[in-house]
Every structure is written in structure tokens, then in C-alpha cells.
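Undergrad: Dumping the structure here so I can ask a few things about it.
The values are calculated or read from the model by the stated rules, or taken from the named source; none is laboratory data. What you see is a predicted model, and the numbers here were worked out from it, not measured in a lab. Cβ coordinates were reconstructed from backbone atoms using ideal geometry, including for glycine residues, and neighbour counts include every protein chain displayed.
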Amino acid sequence: MKNLNLSSGPIKNDPAEPGGKHPLKLLLDFVIKLNSAFVTAQELEEIFCAILVGATAGEGLGFNRAFLFLIDETGNRLCGRFGLGPQDLEEAGRIWNSISAERLNLFQILEKVRDQLSDDNQPLNRFVRSIQIPLSQSENCFIKALKENQAYLITDSPRVGAIHSQELCRLFGTGELVVAPLNTHGKEYGVVVADNIFTKAPVAEETLYCLHLFTGLGSLAICQKNMCQSLEDKVLQLKEANRAVEAQKDLLIEIEKHSAIGRMLDHLLHELRNPLAAIGGIARLLERREGDEVMKRYLATVIKEVERIEKTLAAVAELHEIKTIECSELELISLVETVAMIVRSDMEEAGIVLHKNYPKKPVVIVGDREKLQEAILCVLKNSIEAMPDGGIIVLALSQRGSDIEIRISDSGLGIARGHFKKADNPFFTTKFNAMGLGLSKAKKIVELHGGSLFLTSNRIGGTTCVITLPKS
């Protein structure tokens, strides 16, 4: 898109002649139209756009060019951000005639300028962005205007009522330019710089005053937008905090439930173990003394069922007692290899082939070796039990960001889609004569390490258990 100067022709910045409108009246009329753009701006860039339009539009202040400088995020530099205006006199005349013919209204002009300001390749943008001024340079005219909250006329030769700076005028390629601060309520945002490089129209004192007034209104719009953004951020933070409170409330309820269940479980384990021991002991004594074979079979059944209940209670007690871990630095590949060796005979007996996929370098994590070994053993035993007629188990380790992932995949019978979420719950099982505590124990151990365990189906028809562990 061509660079756009928004004045409808070469407008001189002189006080109105008799019968004409005073510059201040022109500015106020224009600000009333521009106010809706300030109020409805969704982004700060839209306010910056409106400020530059106000400085260059024919119905505004009518400067040939305008530049916006803003304080950077560090608060140490004044940096050029946007520039608006034509590149040469020929282009300026062509654009002035085009705007007059098209009769663009204010909002059409704003829409055209918005595209130009977002263009990083636009020459005036490239020029102004090359300028950075440390705020510590108090003698610089731009810094002086910002700090003193005052608008200044800057000229290339000494003149009454102006600041002499050949350096700045040479930089902008003009004989005179003006600077006005974006400063309100003690908050400094930047400065607006403007000139009449093509028309050479001198800047009157009234025009300089109007520019200062206009940048003051722009500063209020920036301040309002920042306040609105700050309020929006606070609202979002409050919403996040509220969600966190709700989550903590639910967590506290869960903790209380588990605590109540734990207390009840301790009581039940204590109350059941003694009677069971007595029943089992008496049944064994009677079995040894009983001569009737039928009665001996009855007593043997009683003993067997008592032993099954005792085994279940022991497993429940063991699961309940996993509350803490003792962490130390350990090498995970050797740990997994140890578990594989423990179940090797079971796999060979079942006709299961084990495939391994480990990283070339050692995988060092911080964790409880004994409990992690037990968790992986529980998962591997589950996989073996899922393949009574043989199959394949793939044991893989990999790094995912700062986490270590262990994948144990089998080609077994698989798990029904609706059972994935239940599979690691205590006592859930689809196997005959099983308690369903293995995966639950493994998951609890992994979670104590700050990790996660979940099940998913795989491409070889079975189930994959994914264990994720943090390295520390």
C-alpha cells in the first residue's frame, strides 16, 4: 500500500483568518469525531493510529508527517514505533488529490492507516524504528519534552521561542519540527513528533498548543486502555484463583473421604484379623483331629477361604500403607532390566517374547528404587497374565522434555474401551479369582513420585501402560 498522508491538501498551520475557524475550535470538532475511536479501541495500536491521524488529517492539525515514540518495556529508552506520511512531494500531491476526490470519512481514513502502521516494511516505520534515545539523555529535546510535559518547536537555526537542534532537524530532513509529550497523571508514555517537510508551512504558537492539547487527550486514552487491560487481567486472575479454590475445595473433600476410609480400613483390618486367625487356627486343629473324610473336606474349604480373605486383607493393608517414598538418585534402565529378569522365567513359560527399546545413554532420575521396581513389576505381571497363549511385550524408555516415559505394551487380550478409566481402581478386575490391586498399587507409587500412569490400546491389539516420571 502507498504511504498515506491524510491532509486534503497543503494546509498551513497558521491562525485562522478573519471569518474562519480558530485552530482550537477545529481541533475540538475533530476530537469529538475521534473520541469514539478512542473509546472503542480494542488494542493500544488503534489508539496510536488515531493519534497519528489527528496530527496529520486535514480536518485535524494537518501536519505533513507524524511519528510516534514510546518508552520501551525496560523503561530506559524512548524508541521509535510508527510513522505516517508520504515519502516525497510528488507522492504527497498525488495522495492529497486522491483523498479530496474520494472524500474519505474519518473512519475510512483510520482503516487505511491501520494497515499502513502494521506494515514493518513501510519506509517511515523503518526510519523511526531505527531511532532509540536513552531516557538518561536529559539534554535531548524529545526527552526534555517528555520529562517536562511540555511541547516544543525545534529548528535548525536559532529562533526566539524555539529550541535549536541542527542534529534532530538533519535527522528528520526538515528545517523545523515539533514534539509533544504523551504524559498524564505522572505517567510517561512517549512523544509525538510532527513536521511540514513538503509544504514548509511554519508552525504557529496556537498550532503547537493544539498539538500539546491533542497529545494530552491521547495520553488519557492510553491511560484508560491500560487501566481497562489491567482490570481485565485482574478479572482473569480472580477467575483463575476462583477455579483454583474450587479445585482445592474438591481436593479437600476427596482428602477427607480418603481419610475417613483410611480410618475405617484401619479399624476393619484390626477387627477382622483376630477373628480370622481364630477361625483358621480352630479349623486347622479340627482338620488334624477329624477322622471323617467328608468333614475334613468341609474344614479344608474353610481353611482355604480364610487364607484367601487373609491374603486380600494383607494386600489391602499394603496398598493403604504406601504413603511415603524414600528418594535417591537411581539409574532407570538397570532398574527396568532387573524387573525384566525377575519375570523372565514366567514369560518363557508362557511363550512370551520380550522386545526392549532403551536410550543409548543412562537415564538417571530421583526416586524410590524399591517401590518403582514394585510398580513396574505389577504392570509386567498384568501383561503376562493377559497373554496365557503367548505373545509379545515391548518395554521402551524415552525422554519427553523434562520427563521420562516408560511404555509397557503387550499383544494380549486388550481392555474394553469402557474399562480403561476403571482398570487402575482398587478391586476392579476382569480376571477370574483375582483381586485387581496390582495396577492400583502401581499407580499410587507412580503418583507419589509426581508422575502419572494411564492405559491405552495399541497397534498390536493389546494394551499399553504409559508411566511418566519427572527426572527429579
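Undergrad: Considering each of 146, 182, 213 in turn, give the residue that is outside any strand (DSSP E or B) and crowded, with 20+ Cβ neighbours inside 10 Å. Don't jump to the end; show me each part of the working.
TA: Working: 182 fails: outside any strand (DSSP E or B); 213 fails: crowded, with 20+ Cβ neighbours inside 10 Å.
Among 146, 182, 213, only 146 is outside any strand (DSSP E or B) and crowded, with 20+ Cβ neighbours inside 10 Å.
Yes/no per residue for (1) modelled with pLDDT of 90 or more; (2) of a type in the set (A, V, I, L, M); (3) at positive phi; (4) surrounded by fewer than 14 Cβ atoms within 10 Å (Cβ to Cβ):
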| site | (1), (2), (3), (4) |
| --- | --- |
| 287 | no, no, no, no |
| 307 | no, no, no, yes |
| 318 | no, no, no, yes |
| 333 | yes, yes, no, no |
| 346 | no, no, no, yes |
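Undergrad: Taking interchain pairs and intrachain pairs at least six residues apart, which have beta carbon atoms under 8 angstrom, with the first residue in region 213-238 and assigned by TED's automatic domain parsing to the domain that holds residue 186 and within 14 Å of residue 47 (Cα to Cα) and the second among the small types (Gly, Ala, Ser) and not in a helix (DSSP H, G or I)?
TA: Cβ pairs passing all conditions: 214/60; 214/180; 215/151; 215/180; 221/41; 225/41.
Undergrad: Only residues that are over 17 Å from residue 212 (Cα atoms) and at pLDDT 90 or above: list them for region 38-81, please.
TA: Residues satisfying the conditions are 71, 72, 76, 77, 78, 79, 80, 81.
Undergrad: Moving on to the next point. Which of the residues spanning region 331-368 are farther than 14 Å from residue 404 by Cβ, in a helix (DSSP H, G or I) and of a type outside the set (Val, Ile, Thr)?
TA: The answer is 337, 340, 341, 344, 345, 346, 347, 348, 349, 350.
Undergrad: Scanning region 348-364 for residues that are surrounded by fewer than 20 Cβ atoms within 10 Å (Cβ to Cβ) and of a type in the set (A, V, I, L, M, F, W, C), which turns out nearest to residue 337 (Cα to Cα)?
TA: In the first step, residues of region 348-364 are kept if they are surrounded by fewer than 20 Cβ atoms within 10 Å (Cβ to Cβ); the result is 348-351, 353-362, 364.
When the remaining residues are screened for being of a type in the set (A, V, I, L, M, F, W, C), the result is 350, 353-354, 364.
Working: 350: 19, 353: 15, 354: 11, 364: 14 Å.
Out of the qualifying residues, it is 354.
Undergrad: Please count how many residues of region 48-89 are of a type in the set (Gly, Ala, Ser), farther than 17 Å from residue 126 by Cα and part of a loop (DSSP other than H, G, I, E, B).
TA: Quick first cut of region 48-89, residues of a type in the set (Gly, Ala, Ser) only: 50, 54-55, 57-58, 60, 62, 66, 75, 80, 83, 85.
From the residues that got through so far, the ones that are farther than 17 Å from residue 126 by Cα too are 50, 54-55, 57-58, 60, 62, 75.
Then keep just the ones that are part of a loop (DSSP other than H, G, I, E, B); that gives 57-58, 60, 62, 75.
Matching residues across region 48-89 total 5.
Undergrad: May I ask you to list the residues in region 118-142 that are over 18 Å from residue 178 (Cβ atoms) and either among the hydrophobic types (A, V, I, L, M, F, W, C) or touching a Cys at 6+ places or on another chain (Cβ under 6 Å) (or both)?
TA: 132, 135
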